[in-house]
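A short worksheet on the structure shown next.
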Amino acid sequence: MPKPFTKLSAIAAPIMRTNIDTDVIIRIERLVGNGIRGTLGKWAFGSLRYLPDGSENPEFILNREPYREAEILVTGPNFGCGSSREGAVWALQERGIRAVIGSGFGDIFFANCFQNGILPIIVDKEIVDGLAAEVELTQGAGRIGIDLEAQTITSPIGKTYRFEIDPRRRDGLLEGLDEVAQTLRRDDEIRTFQAADAAQRPWIHFTGKQV
Amino acid sequence: MEQPGRTMLDKIWDQHVIFRVSDDTDLLHVDRHLLHDLGGSRGLLDLKSRDLKVHSPELTFATPDHAISSAPGRAGTSKIGLELLGSLRTETSASGIQLFDVDEPGQGIVHVIGPELGLSLPGSLIVCGDSHTCTHGGLGALAFGIGSSELTHVLATQTLIHRRPKTMRVKFEGKLPLGVTAKDMILALIGHAGVAAGTGYAVEYAGSAIHDLPVEGRFTICNLSIEFGAKMGMVAPDDKTYQYVKGRRYAPEGAMWERALKAWKQLPSDANAVFDKEITIDVTKIKPQVTWGISPEHVIGVDGNIPDPATVEDPARRAALETALDYMGLKAGAPIAGTPVDWVFIGSCTNSRLSDLRAAAEVARGRKVAPGVRAWVVPGSETVKRDAVAEGLDKVFTEAGFEWREPGCSMCLAANGEVVTPGQRSVSTSNRNFIGRQGPQARTHLASPASAAAAAIAGAIADVRTMER
């Protein structure tokens, strides 16, 4: 069940390269196994954060102060494209990230964020670029503010931008809703649908193990 | 006034709505849920920890593909891979879920076996914890990848909450030139429109070139929808589709087949349906494609030159090209053909079906893999493997110096320790040339099976059109 998200004022790290894919966010070998939760934070962006000898790459933004404490990522276009691996979101979450701001995200990554209490915000590229520039201007000291209920972002120098979000997604995050429990409350409707559908499309429902 | 027509997406979507959740979001019934070894048992264990049961085990099917070894005899599956396999066996059995296990007909890459077994059907809604689930759209299904939390939701409820996507139609028109395949068509589209062009859309592929494609080629097209940004890709079912589905293990039979067929014939988009976006591609101009960079949109014709960042005005784009060239170890402006390769991988949910292996074997037949190149053929399923052996394709490959391996995902995503040596160059029939996708520092060039076979023989990226007989 996701942790509720309401307001945040935090250090933000711009990672502006276009098309950062989920393979780059977390390498697949870190995700092989059923006991991986809690082990992923140190491997987030592993191929960018570490040099081939395993030492930290001092150039990479999350290895520099104050960005080590970043809870917000300001991202380039199409961040989180590629694989459906929710491990990419888990790795960000375990690294301490609570929100990502960009002009567009991979569709599956975007959905996975909400499931884990991470707020993905889509705004125009000019706004994203402006936020990144302000963060850099203040050498990371300038915090970004997010108010989910009011649907606003406040930039390091105090400019406020409104963002749009699916109201259902917003309410889910604000309350930290458990979707499975919610859906199961209406299981009788699911079962009624299945019974009617089985009469209409029997080839879907009778897969050879029931009849 | 005439009613606006409905798209295939509208028709399939509406059929699956259990109730409306909010304005544009519905609770949808999931007809088929496919599980694999990387996330399947995790989801089942997650459910158990919440004291929940699998809602509809008869609509759920599992197979190991990601983490098992493709080595002969499955030698070398990692300890953790074996644990995942063991736990998939235990948990599916405990929940009454059909598992297609290693060495059994039915095992294979989820996106190969779904259609092959007749589990994936026109008009059905199919999900799997894997982004290439869009592959099944080649039959006229609504199929898409989901994350782990959504996977748990499907296990517990047999439903998914989803916002209705926008619709896009991509028309491929004209007759495909010799040596150009479905893989080249979809890579050309991604090169033309970019990897984010399909974000937020369900894409329907249409036009004369799609109509002409065999069903297996349509799977390849739909498979790369996610590389175009779209979770969902689909092709309207037609007589080829019905012929493909008929007689498969889980396909309807007799009177039920006739009923299903009648329903499926209603699925194609109405002639007056309006799409939110349309793109048309002239396939007569497409050449065999090969990627040069670290994103599927970094793609050119095999007779083309590697882009030169110096000619790009936009600083962000220029920097991106420089990063890609640096990672790939390529020289700006040089011809891509002739670039020496170390590895060739023929396999993956994109290109591991019988027709793919035939196309590669046609190039390999009577020739030899160049010295220093390691070339693997990994069939997509146990059935593909057996069918290929029955027609002697394994011999064609091994006599040419290719390694013939066991079905699975293998080197497409390197979840099983099967990796390209760091710094080495691979031509791969898979779907992603991301940084490190085939292993740390691996340099991947995506291409069709015929082009990959040509690279193995030439020892370098090669124009398959000069090698065809």
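What the table shows:
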quantity: Test: residue in the range A:120-138 that is crowded, with 22+ Cβ neighbours inside 10 Å and within 24 Å of A:ILE28 (Cα to Cα); calculated: yes
quantity: Subset of the range B:62-94 that is buried (at least 17 other Cβ atoms within 10 Å of the Cβ) and hydroxyl-bearing (Ser, Thr, Tyr) - its residue that is farthest from B:TRP404 (Cα to Cα); calculated: B:THR92
quantity: Search result, residues across the range A:171-182 that are more than 7 Å from chain B (Cβ to nearest Cβ) and out of contact with any Phe, Trp or Tyr (no Cβ under 9 Å at 6 or more places or on another chain); calculated: A:ASP171, A:GLU175, A:LEU177, A:ASP178, A:ALA181, A:GLN182
quantity: Test: residue in the range A:183-191 that is in a helix (DSSP H, G or I), among the hydrophobic types (A, V, I, L, M, F, W, C) and at the interface with chain B (Cβ under 8 Å from one of its Cβ atoms); calculated: yes
quantity: Among (1) in a helix (DSSP H, G or I); (2) basic (Lys, Arg); (3) not assigned by TED's automatic domain parsing to the domain that holds B:GLY123, the one test that B:LYS331 misses; calculated: (1)
quantity: Whichever residue in the range A:1-18 is more than 19 Å from B:GLN441 (Cα to Cα) and among the basic types (Lys, Arg) and, among such residues, is nearest to the other protein chains (Cβ to nearest Cβ); calculated: A:LYS3
quantity: Residue in the range A:19-27 that is modelled with pLDDT of 95 or more, away from every other protein chain (no Cβ under 12 Å) and crowded, with 18+ Cβ neighbours inside 10 Å present; calculated: no
quantity: Strands (runs of 3 or more DSSP E) contained in the range B:146-229 and holding at least 2 residues without any contact (Cβ under 8 Å) to a residue 40 or more places away in the chain; calculated: B:201-206
quantity: Top-ranked residue in the range B:388-413 [being out of contact with any strand residue (DSSP E or B) (no Cβ under 9 Å at 6 or more places or on another chain) and either surrounded by 16 or more Cβ atoms within 10 Å (Cβ to Cβ) or in contact (Cβ under 8 Å) with a residue 60 or more places away in the chain (or both); ranked as farthest from B:ILE435 (Cα to Cα)]; calculated: B:VAL396
quantity: Subset tally (residues that are within 14 Å of another protein chain (Cβ to nearest Cβ) and over 25 Å from A:GLY145 (Cα atoms)) for the range A:35-77; calculated: 18
quantity: Answer residue from the range A:143-155, given it is assigned to a loop (DSSP other than H, G, I, E, B) and touching a residue at least 60 places away in the same chain (Cβ under 8 Å) and is surrounded by the fewest Cβ atoms within 10 Å (Cβ to Cβ) among those; calculated: A:GLU149
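The values are calculated or read from the model by the stated rules, or taken from the named source; none is laboratory data. Since the structure is predicted, the reported quantities are computational estimates derived from the model, not experimental observations. Cβ coordinates were reconstructed from backbone atoms using ideal geometry, including for glycine residues, and neighbour counts include every protein chain displayed.
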